[in-house]
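The values are calculated or read from the model by the stated rules, or taken from the named source; none is laboratory data. Please read all numbers here as calculations on a predicted model, not as lab measurements. Glycine gets a Cβ as well: all are built from the backbone with ideal geometry, and neighbour counts include every protein chain shown. We work out accessible area using only protein heavy atoms, side chains counted, and drop any ligands, DNA or RNA first. Shrake-Rupley method; radii C 1.70, N 1.55, O 1.52, S 1.80 Å.
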Amino acid sequence: SVATRVWTPEEELLITDTTERLWEALERARTDATLRTSEARLREILDRLPLQIWLSSASGEVQYLNKHWYDYGGTSPTKTTAARVAEEAVHPDDVPGLMAAFAQAMSDGHPFEVEQRNRDASGEWRWFLNRAEPLRDPTTGAITGWIGAGTDIHDRKLLQASLEVSNARQGFLLRLGDALRGLDSAEEIQLSAARLLGEHLGASRAGYAQDSGDGENVEITSDYQAPGVASL
């Protein structure tokens, strides 16, 4: 016959503790596996977005750049900082503004957005709108990191610039028409037009000239000069 084991209270407590810890470990493993799966799916989604996605620590150490970032710049994943990324990928004229905006955001905890030129794999510069939001601890509210997205706005910037030039040109022509209306003499018309054109273009001089007939010289009939500039 088999003798029945009589468990001591200490042994029963040990079994209970072991079971509880085993259960906690299993739950933790399941949770970790779920998190890894979720993170993998999230990374897959971020890598498919046509945006330059980045994540950094609260101090500015870059923790993640999505596939679009590396494909656009022709670079490989490496551990880096926001300052290093800016130095390597952002136009030198735009780096100070970007880093100042990031520093201010880290100081006051507010989101920021800047327009900057990023270099692509061929060396061409294109305009991007870089927006970033702080990530916060749900319990304490402390900033734990930053998430940002860069959107290509180059074509929009070119169109905007083209429209501004066109509007400025149309505005100038309207002012020119108003100024010339009522003028009778050729000299007054030429001088007024030269003045408006010089001021519009920010030129030191603007004027009219005609060929003197010798093939080498021209005769200036009227000219405008900016303040402090002598007439020709």
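Out of Gly228, Gly148, Gly215, Gly202, report the one residue that is open to solvent by less than 30 Å² (accessible area, probe 1.4 Å) and of a type in the set (Gly, Ala, Ser). Give the steps one after another, and end with the answer.
Details: Gly228 fails: open to solvent by less than 30 Å² (accessible area, probe 1.4 Å); Gly215 fails: open to solvent by less than 30 Å² (accessible area, probe 1.4 Å); Gly202 fails: open to solvent by less than 30 Å² (accessible area, probe 1.4 Å).
Going through Gly228, Gly148, Gly215, Gly202 in turn, the sole match is Gly148.
Of the residues making up the range 60-112, those that are of a type in the set (A, V, I, L, M) and in contact with a Leu (Cβ under 7 Å, 6 or more places away or on another chain) are Ala86, Val90.
Please work out which residue is farthest from the chain's Cα centre (by Cα), limiting yourself to the range 169-185 and to residues that are surrounded by 11 or more Cβ atoms within 10 Å (Cβ to Cβ) and without any contact (Cβ under 8 Å) to a residue 12 or more places away in the chain.
It comes out as Leu183.
One line per residue, one yes/no per condition, for (1) at pLDDT 95 or above; (2) over 22 Å from Gly73 (Cα atoms); (3) surrounded by 19 or more Cβ atoms within 10 Å (Cβ to Cβ):
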residue	(1), (2), (3)
Phe102	no, no, yes
Phe112	no, yes, yes
Leu135	no, yes, no
Thr140	no, yes, no
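From Asp94, Asp120, which residue is open to solvent by less than 40 Å² (accessible area, probe 1.4 Å), over 17 Å from Ser57 (Cα atoms), in contact with a Gly (Cβ under 9 Å, 6 or more places away or on another chain) and in contact (Cβ under 8 Å) with a residue 12 or more places away in the chain?
Values: Asp94 fails: in contact with a Gly (Cβ under 9 Å, 6 or more places away or on another chain).
Just a single option satisfies the conditions, and that option is Asp120.
The set of residues from the range 1-48 being modelled with pLDDT under 70, among the hydroxyl-bearing types (Ser, Thr, Tyr) and surrounded by 10 or more Cβ atoms within 10 Å (Cβ to Cβ) comprises Thr34, Thr37, Ser38. Residue selection: Arg181 fails the criterion of being touching a strand residue (DSSP E or B) at 6+ places or on another chain (Cβ under 7 Å) and charged (D, E, K, R). Residues of the range 58-91 that are surrounded by 13 or more Cβ atoms within 10 Å (Cβ to Cβ) and of a type in the set (Ser, Thr, Tyr): Tyr64, Tyr70, Tyr72, Thr75, Thr80, Thr81.
Looking only at the range 163-202, residues that are more than 18 Å from Tyr224 (Cα to Cα) and among the hydroxyl-bearing types (Ser, Thr, Tyr) come to 1 in all.
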